[in-house]
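Report on one structure; see the data block that follows.
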Amino acid sequence: MTKQTPETLIKAQIRALSSYHVPNPDNMVKLDAMENPYRWPDELVDKWLEVLQRTEINRYPDPSARQLEVALRSAMQIPDNMAVLLGNGSDELIQMLVMAVAEPGRVVLAPEPTFVMYRMIARVLGMTFTGVPLRDDFSLDTDAMLAAIKQHDPALIFLAYPNNPTGNLFSDADIVRILEQSNGLVILDEAYAPFTDASFMSRLGEYDNLLVLRTVSKMGLAGLRLGFLVGPAHWLNEIDKTRLPYNINALTQDTALFAMDHIEVLMAQAQHIRNDRSVLLDELRTLSAVMVYPSEANFILFRLPKNQGQAVFDALKEKGILIKNLSAAGAALSDCLRVTVGTAGENRAFIHALKDILRE
Ligand SMILES: *Cc1c(COP(=O)(O)O)cnc(C)c1O
């Protein structure tokens with residue numbers, strides 16, 4: 001008998017993947033991961049720590065986090081007639097959705113470029129992933145989407161709304177056509193909901209196959225790992241069966257419950273970020289070497305002249321500013337970089353460094 005090695009034991013599908021790489025941000029201005037740059041005011045932190053003193057860390061958490069669900073329902077305007085499923089980040093809910101439908105030959109479909117976890121999770125769980133290219137302006141190529149839907153009859157379609165990494169919203173009319181012509185589930189991933197007025201939350205129920213996915217990560221609680229899926233109970237009850245027990249830990253439940261009681265603090269921070277986004281957009285638009293894409297999210301995508309993306313990214317890093325380089329993600333994003341909207345000071349440091357590098 002020969003001992004197995006990673007080459008012989010690990011499935012080919014897994015070995016073919018490259019692991020999700022997160023750079024080490026020590027001592028950098030960190031504008032790469034769509035985090036909210038603000039902490040809570042000191043008096044709020046003190047109140048929060050009082051809550052955590054009472055957390056019963058020796059007990060298993062409430063397996064269905066009922067109190068937290070009630071708080072989320074009111075803070076996030078979740079329709080009363082819809083069910084809610086909580087996840088350890090929305091990433092876990094994407095995984096649960098895929099696990100619930102994964103069978104050989106079945107397809108997960110999304111426009112591309114988009115959030116990479118749809119593809120990764122589909123592949124890890126043995127499903128086929130089909131990406132439909134967005135148009136040059138990153139709008140949906142609806143005819144191509146509808147043709148792909150007809151051809152593959154996807155079990156799941158993911159639409160990030162606004163889309164990551166492009167920052168734009170797809171048109172409502174295009175989304176409705178996709179909802180109407182899909183036999184499978186269409187998941188509107190509204191991770192960036194705090195930074196836009198657009199949402200399909202209030203339209204749940206109009207289409208039985210519509211689910212809305214949210215997270216508290218981008219609104220200032222990325223460290224908690226909490227996402228939620230909203231939709232008709234007859235769908236969510238089935239998807240819930242793929243959930244590991246106690247997936248929302250006690251510290252997250254108690255902290256998120258506290259945070260929902262003070263949602264106005266997070267909302268004010270989001271509004272602040274929206275205002276700073278328009279300042280940053282205006283600044284970037286003054287640079288002749290830079291092509292800026294519109295954004296409804298807390299980040300901005302921009303393109304540099306041919307073959308300069310990597311060099312500008314490296315030069316920014318050299319100056320202590322970490323953003324995201326999307327150059328390698330395929331032709332559609334060649335020479336594209338993505339910057340998260342930080343504090344006003346961080347944004348100024350970024351613009352200052354960029355101008356310096358571009359000699360503008
Ligand atoms: C960041 C992001 C997520 C992941 O959110 P978590 O709740 O932190 O797992 C999901 N979808 C999109 C489109 C994102 O950009």
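The values are calculated or read from the model by the stated rules, or taken from the named source; none is laboratory data. Model, not experiment: these values are computed from the prediction. For neighbour counting, all protein chains shown are included, and Cβ atoms are generated from backbone atoms with ideal geometry for every residue, glycine included. Note: areas computed on protein heavy atoms with side chains; ligands, DNA, RNA excluded. Shrake-Rupley method; radii C 1.70, N 1.55, O 1.52, S 1.80 Å.
Points worth noting:
Yes or no, residue by residue, for (1) within 30 Å of residue 47 (Cα to Cα); (2) part of a loop (DSSP other than H, G, I, E, B); (3) touching a Pro at 6+ places or on another chain (Cβ under 6 Å); (4) modelled with pLDDT under 95:
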position: 148; (1), (2), (3), (4): no, no, no, no
position: 163; (1), (2), (3), (4): no, yes, no, no
position: 166; (1), (2), (3), (4): no, yes, no, no
position: 179; (1), (2), (3), (4): no, no, no, no
position: 197; (1), (2), (3), (4): no, yes, no, no
position: 224; (1), (2), (3), (4): yes, yes, no, no
position: 240; (1), (2), (3), (4): no, no, no, no
position: 258; (1), (2), (3), (4): yes, no, no, no
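- When 34, 76, 82 are screened for being of a type outside the set (Phe, Trp, Tyr), at pLDDT 95 or above and in contact with a Pro (Cβ under 8 Å, 6 or more places away or on another chain), only 82 passes.
- Going through (1) under 19 Å from residue 251 (Cβ atoms); (2) at pLDDT below 95 one by one, residue 54 falls short only on (2).
- In segment 106-132, of all residues being aliphatic (A, V, I, L, M) and not in a helix (DSSP H, G or I), the one that is nearest to residue 149 (Cα to Cα) corresponds to 109.
- Among the residues listed as 114, 130, the single one being open to solvent by less than 20 Å² (accessible area, probe 1.4 Å), in contact (Cβ under 8 Å) with a residue 24 or more places away in the chain and hydroxyl-bearing (Ser, Thr, Tyr): 114
- Search result, residues across segment 274-309 that are open to solvent by 60 Å² or more (accessible area, probe 1.4 Å), in contact (Cβ under 8 Å) with a residue 12 or more places away in the chain and under 24 Å from the mean Cα position of the chain (by Cα): 279, 291, 294, 296
- You will find that of 213, 244, 229, 224, the residue that is buried (at least 18 other Cβ atoms within 10 Å of the Cβ) and free of Cβ contacts under 8 Å to residues at least 40 places away in the same chain is 224 and no other.
- Total residues in segment 119-139 satisfying the condition of being within 15 Å of the ligand (Cβ to nearest atom) and closer than 17 Å to residue 297 by Cβ: the figure is 2.
- Taken over segment 164-174, the criterion of being within 15 Å of the ligand (Cβ to nearest atom) and either among the small types (Gly, Ala, Ser) or more than 19 Å from residue 271 (Cα to Cα) (or both) is satisfied by 164, 165, 166, 167, 170.
- Yes/no for residue 149 being more than 16 Å from the ligand (Cβ to nearest atom), closer than 19 Å to residue 199 by Cβ and touching a residue at least 12 places away in the same chain (Cβ under 8 Å): no
- Residues in segment 226-238 that are assigned to a loop (DSSP other than H, G, I, E, B) and within 10 Å of the ligand (Cβ to nearest atom): 226 alone.
- Scanning segment 175-200 for residues that are open to solvent by 20 Å² or more (accessible area, probe 1.4 Å), away from the ligand (no atom under 16 Å from the Cβ) and in contact with a strand residue (DSSP E or B) (Cβ under 9 Å, 6 or more places away or on another chain) yields 176, 180.
- Any hit, segment 19-33, residues being away from the ligand (no atom under 16 Å from the Cβ) and under 30 Å from residue 241 (Cα atoms): yes
- Scanning segment 56-105 for residues that are among the β-branched types (Val, Ile, Thr) and either within 16 Å of the ligand (Cβ to nearest atom) or open to solvent by 20 Å² or more (accessible area, probe 1.4 Å) (or both) yields 57, 70, 84, 94, 98, 101.
- Scanning segment 78-105 for residues being part of a helix (DSSP H, G or I), farther than 29 Å from residue 223 by Cβ and either of a type in the set (Asp, Glu) or touching a Phe, Trp or Tyr at 6+ places or on another chain (Cβ under 6 Å) (or both) gives a total of 0.
- Just one of the listed residues (17, 52) is over 19 Å from residue 264 (Cα atoms) and in a loop (DSSP other than H, G, I, E, B), and it is 17.
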